[in-house]
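> So that we are looking at the same thing, I have put the structure below in structure tokens.
The values are calculated or read from the model by the stated rules, or taken from the named source; none is laboratory data. This one's a predicted model, so the numbers in the text were calculated from it and none came from an experiment. Here the Cβ positions follow ideal geometry from the backbone for every residue, glycine too, while neighbour counts run over all protein chains shown. Heavy atoms of the whole protein, side chains included, go into the accessibility calculation; ligands, DNA and RNA do not. Shrake-Rupley method; radii C 1.70, N 1.55, O 1.52, S 1.80 Å.
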Amino acid sequence: MGAPALEHAAHAFLTFLRVECGLSVNTIEAYGRDLRDLLCDLAGKAILTSDAVTGRDLAMHLGSLKRDRGLNGSSVARHLATIRMFCRWLVAEGHLADDQTHWLERPTQWKRLPGVLSERDITALINAPKEPVPFIPDRPPLWLRDKAILELMYACGLRASEVGALGTTDPAYRINVIKVTGKGNRQRMVPFGRPAAETLQRYSDECRPLLLHPDTRDRGRLFLSRTGRPLERVAVWQIVTKHARTAGLHGVHPHLLRHTFATHLLTGGADLRVVQELLGHSNIATTQIYTRVDQPRLKEVHRRFHPRA
């Protein structure tokens, strides 16, 4: 039997990741996007089967991602990781004689410091959702939902996907702690303050019941769309960017709120290991980038406590 078509092989590989590896939907979608880019590039060169792929083809594809699409080092490295996993799977399945990626060099990942919003900007963003005037009876107050999402994202440093995955039983209002399911289905408990608790409780009492539809499955999710369906990650992005524009802020996205959460905690004196736990980072090195953000504070600490400063 000849080598399979790359399109069929990619589909089987993604099924393997879902069924055998148990990867999350978001992770599998990311692998799928990277593979579509690769297959489209190879198809343009009439490379349609797995046995026709060479290491040179893969290297040229990675180069084109940086040269033609302007992807940074981190993004190209992610594409390389996807290609390596795919090629190793092809070898394991007997569709490829040898791994064509072993000699490909990992692109340099540029260390870019994350952006951070000021406390004034955060206040403006969270206060952007407002009750419409004039008041419209029997219409769900979606502004309450949006405000609760913004409060919770800043209070807990949540990813957009984590917001959409929250269930109605995840918040523990009595102790102001919420259970968050992050990457790799790892769970963590994150506390939140009184402003987030009050807004979240109002949303649960006054808005969510009005969003429920008898013919729509809410799957027990906390945040729902206007049609009563679970709120997806893309919708969370749209909510954040919409209210950022209202607040007069530019370049604001969900991950920026996460960066701001971490930076404000460290600026306030939080321990790096505590911030790592709250963010759900498996590696402390991922959290350490935030120590580079607040350079003035680091210099002040050095000046105050070093004996020869």
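> Just need a number here: residues in the stretch 154-167 that are over 13 Å from L278 (Cβ atoms) and either open to solvent by 30 Å² or more (accessible area, probe 1.4 Å) or not in a strand (DSSP E or B) (or both).
Total satisfying the criteria: 6.
> Exactly one of (1) in a loop (DSSP other than H, G, I, E, B); (2) more than 29 Å from V25 (Cβ to Cβ) is unmet by T123. Its number?
So the condition that T123 fails would be (1).
> Another question about this same structure. Mind checking whether some residue in the stretch 128-141 is crowded, with 22+ Cβ neighbours inside 10 Å, modelled with pLDDT of 90 or more, touching an Asp or Glu at 6+ places or on another chain (Cβ under 8 Å) and assigned to a loop (DSSP other than H, G, I, E, B)?
Yes, the conditions are met somewhere in the stretch 128-141.
> Considering only residues that are over 26 Å from E277 (Cα atoms) and hydrophobic (A, V, I, L, M, F, W, C), look in the stretch 142-153 and name the one that is surrounded by the most Cβ atoms within 10 Å (Cβ to Cβ).
Among residues in the stretch 142-153 that are over 26 Å from E277 (Cα atoms) and hydrophobic (A, V, I, L, M, F, W, C), the one surrounded by the most Cβ atoms within 10 Å (Cβ to Cβ) is L144.
> Which count do you get for residues in the stretch 278-297 that are modelled with pLDDT of 80 or more and surrounded by fewer than 15 Cβ atoms within 10 Å (Cβ to Cβ)?
Residues that pass the stated criteria total 3.
> With over 18 Å from the mean Cα position of the chain (by Cα) and open to solvent by 40 Å² or more (accessible area, probe 1.4 Å) as the only criterion, which of D170, D205 stands out? Lay out the reasoning, then the answer.
On the way: D170 fails: open to solvent by 40 Å² or more (accessible area, probe 1.4 Å).
Going through D170, D205 in turn, the sole match is D205.
> Now, a different point. Please list, ordered by first then second residue, the pairs with beta carbon atoms under 6 Å, 6 or more apart or interchain, first in the stretch 17-44 and within 22 Å of A160 (Cβ to Cβ), second open to solvent by 50 Å² or more (accessible area, probe 1.4 Å).
Final answer for the pair search is L17/L23; I28/R18.
> Please work out which residue is surrounded by the fewest Cβ atoms within 10 Å (Cβ to Cβ), limiting yourself to the stretch 53-95 and to residues that are among the small types (G, A, S) and under 23 Å from the mean Cα position of the chain (by Cα).
G70
> Sticking with this structure for a sec: Of all residues in the stretch 15-27 being surrounded by fewer than 18 Cβ atoms within 10 Å (Cβ to Cβ) and not polar (S, T, N, Q), which is modelled with the lowest pLDDT?
In this case the residue turns out to be G22.
> Taking L39 as the residue in question, decide whether it is modelled with pLDDT of 90 or more and within 12 Å of H61 (Cβ to Cβ).
Values: modelled with pLDDT of 90 or more: yes; within 12 Å of H61 (Cβ to Cβ): yes.
Yes: the conditions hold for L39.
> Look at L62 and say whether it is touching a residue at least 24 places away in the same chain (Cβ under 8 Å) and part of a helix (DSSP H, G or I).
Yes; evaluated as a whole, the condition is true for this residue.
> May I ask you to verify whether T123 is hydroxyl-bearing (S, T, Y), modelled with pLDDT of 85 or more and within 30 Å of A197 (Cβ to Cβ)? Break it down into steps so the answer makes sense when it comes.
Numbers: hydroxyl-bearing (S, T, Y): yes; modelled with pLDDT of 85 or more: yes; within 30 Å of A197 (Cβ to Cβ): yes.
In short, yes.
> When you check G32 against the structure, is it part of a loop (DSSP other than H, G, I, E, B) and small (G, A, S), yes or no?
Considered against the rule, which asks whether it is part of a loop (DSSP other than H, G, I, E, B) and small (G, A, S), G32 comes out as no.
> Taking the stretch 96-116 as the region of interest, how many residues are modelled with pLDDT of 80 or more and either of a type outside the set (D, E, K, R) or open to solvent by 60 Å² or more (accessible area, probe 1.4 Å) (or both)?
5
> Kindly indicate whether E151 is part of a helix (DSSP H, G or I) and farther than 18 Å from G220 by Cβ.
Yes; evaluated as a whole, the condition is true for this residue.
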